[in-house]
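The values are calculated or read from the model by the stated rules, or taken from the named source; none is laboratory data. Only a predicted model underlies this, so the values are computations on that prediction, with no experimental measurement involved. Every residue, glycine as well, gets a Cβ built from its backbone with ideal geometry; the counts of neighbours run over all protein chains shown. These accessible areas exclude ligands, DNA and RNA; they are computed on the full protein's heavy atoms, side chains included. Shrake-Rupley method; radii C 1.70, N 1.55, O 1.52, S 1.80 Å.
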Amino acid sequence: MIHRPRVLVARRIPTHTLERLAQHFELEVNPDDQPFPRDELIRRLADKHGALTTGSERIDAEVLAAAPGLRIVANMAVGFNNFDVPACTAAGVWATNTPDVLTETTADFGFALILATARRITESEHFLRAGHWNRWSWDMFTGPDVHGATLGILGMGRIGQAIARRGVHGFGMKLIYRNRSRLPLEQEAALGARFVDKDTLLREADHLILVLPYSSESHHSIGAAELALMKPTATLVNIARGGIVDDAALAVALRERRIAAAGLDVFEGEPKVHPDLLALPNVVLTPHIASASVATRHAMADLAADNLIGVLAGSGPKTPIVADISPRMRPA
Ligand code: 8YV
């Protein structure tokens, strides 16, 4: 009898995707959707050929060494800071992510946070629900405009560009950005975008949004020194990763009104949130849901499944993080 490849599905995923995977593989699924403690993850992966992971599973050299049959780790996320990618490549294990399918949905949410933060939507809703609204006042919950303001984008990849399009074409914003590489000149011209150094970005942005990948280089890209350069009327939005912002320093800047407000979908050490942030009125807080439209979450799960099927039962991965590896062979 031919044994089917064994796949660990580390977190709950849509039933339809699970059924697709079950047609190809022997599945082991997470019974209660709690992220596995590390020792349990290592134990469960020991006899697997593939794994469907999310941001909560750290895959590194130790995990890979303990799973000699593992050939692919398929992240259901575009970000892959939970993977040690060089260790995967060295071990001959495909590492895949889910780019493109979440770009527009995530950009929509980035814009929602820009608007909610600038226009004080959650703060004013809390006020209303608490029964404090007893009359109209001219300066009640006034905030900075979004249309026509200067949008600053740190990290101009696919999602950054999708946010830029919304800002420029939808809201008539002026655009400045910082990225490792510059956009092609015709694309800059189409957006009226100005490529600036980081200090200029911080000084000139009315609304600054962070859309860069997390790495040791981007850790605390925004801390006390950077916040001090921003306008006191500026807003900051982070939809990238926790750890890119120094949350403690941000809480101080918000409390002392050195910047006007922030919108955060990601946090250092999430799902924990810095208690000082929780206590502040001028910050919009959401639980890492930027890609959470129904269609997009299904598309992400399906793309992760495509990658698993491609590697373990087909001709190769659809969206590998590193395109060129010498893949581990399946033990006989
Ligand atoms: C995921 C994300 O929902 O794609 C990413 O990088 O941050 C989110 O879309 C999250 O990482 C769960 O894997």
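Numerical summary
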item	result
Flag for VAL322 being open to solvent by less than 70 Å² (accessible area, probe 1.4 Å) and not in a loop (DSSP other than H, G, I, E, B)	no
Residue match in the range 130-147 (condition: within 16 Å of the ligand (Cβ to nearest atom) and under 30 Å from PHE195 (Cα atoms))	no
Breaking point among (1) touching a Leu at 6+ places or on another chain (Cβ under 8 Å); (2) buried (at least 17 other Cβ atoms within 10 Å of the Cβ), for ILE59	(1)
So ALA262, is it within 16 Å of the ligand (Cβ to nearest atom), under 17 Å from the mean Cα position of the chain (by Cα), open to solvent by less than 40 Å² (accessible area, probe 1.4 Å) and in contact (Cβ under 8 Å) with a residue 40 or more places away in the chain	no
Only one of ARG182, ARG194 that is among the basic types (Lys, Arg), in a loop (DSSP other than H, G, I, E, B), in contact with an Asp or Glu (Cβ under 9 Å, 6 or more places away or on another chain) and in the same structural domain as ALA228 (by TED's automatic domain parsing)	ARG182
Restricting the range 293-314 to residues that are free of Cβ contacts under 8 Å to residues at least 12 places away in the same chain and surrounded by fewer than 18 Cβ atoms within 10 Å (Cβ to Cβ), the residue that is nearest to the ligand (Cβ to nearest atom)	VAL294
Residues of the range 129-175 satisfying the condition of being exposed (fewer than 14 other Cβ atoms within 10 Å of the Cβ), of a type outside the set (A, V, I, L, M, F, W, C) and assigned to a loop (DSSP other than H, G, I, E, B)	GLY131, HIS132, ASN134, ARG135, SER137, ASP139, THR142, ASP145, HIS147, GLY148, GLY172
Test: residue in the range 36-51 that is within 16 Å of the ligand (Cβ to nearest atom), under 16 Å from ALA304 (Cα atoms) and open to solvent by less than 40 Å² (accessible area, probe 1.4 Å)	yes
Enumeration of residues in the range 73-89 that are within 16 Å of the ligand (Cβ to nearest atom) and β-branched (Val, Ile, Thr)	VAL73, VAL78, VAL85
In the range 110-128, residue nearest to VAL73 (Cα to Cα) [restricted to those that are open to solvent by 40 Å² or more (accessible area, probe 1.4 Å) and part of a helix (DSSP H, G or I)]	ALA112
Residues being within 17 Å of ASN307 (Cα to Cα) and either open to solvent by 30 Å² or more (accessible area, probe 1.4 Å) or among the β-branched types (Val, Ile, Thr) (or both) - total across the range 62-75	3
Yes/no for PHE109 being closer than 24 Å to ALA260 by Cα and within 16 Å of the ligand (Cβ to nearest atom)	yes
Residues (more than 18 Å from the chain's Cα centre (by Cα) and in a loop (DSSP other than H, G, I, E, B)) located in the range 270-307	HIS274, ALA279, LEU280, PRO281, ASN282
Every residue from the range 230-269 that is assigned to a loop (DSSP other than H, G, I, E, B) and closer than 15 Å to ALA116 by Cβ	ILE239, ALA260, ASP265
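Okay, residues lined up against (1) in contact with a strand residue (DSSP E or B) (Cβ under 8 Å, 6 or more places away or on another chain); (2) surrounded by fewer than 22 Cβ atoms within 10 Å (Cβ to Cβ):
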{"position": "ILE222", "(1), (2)": "yes, no"}
{"position": "GLU226", "(1), (2)": "no, no"}
{"position": "THR233", "(1), (2)": "no, yes"}
{"position": "VAL237", "(1), (2)": "yes, no"}
{"position": "ALA248", "(1), (2)": "no, yes"}
{"position": "ARG255", "(1), (2)": "no, yes"}
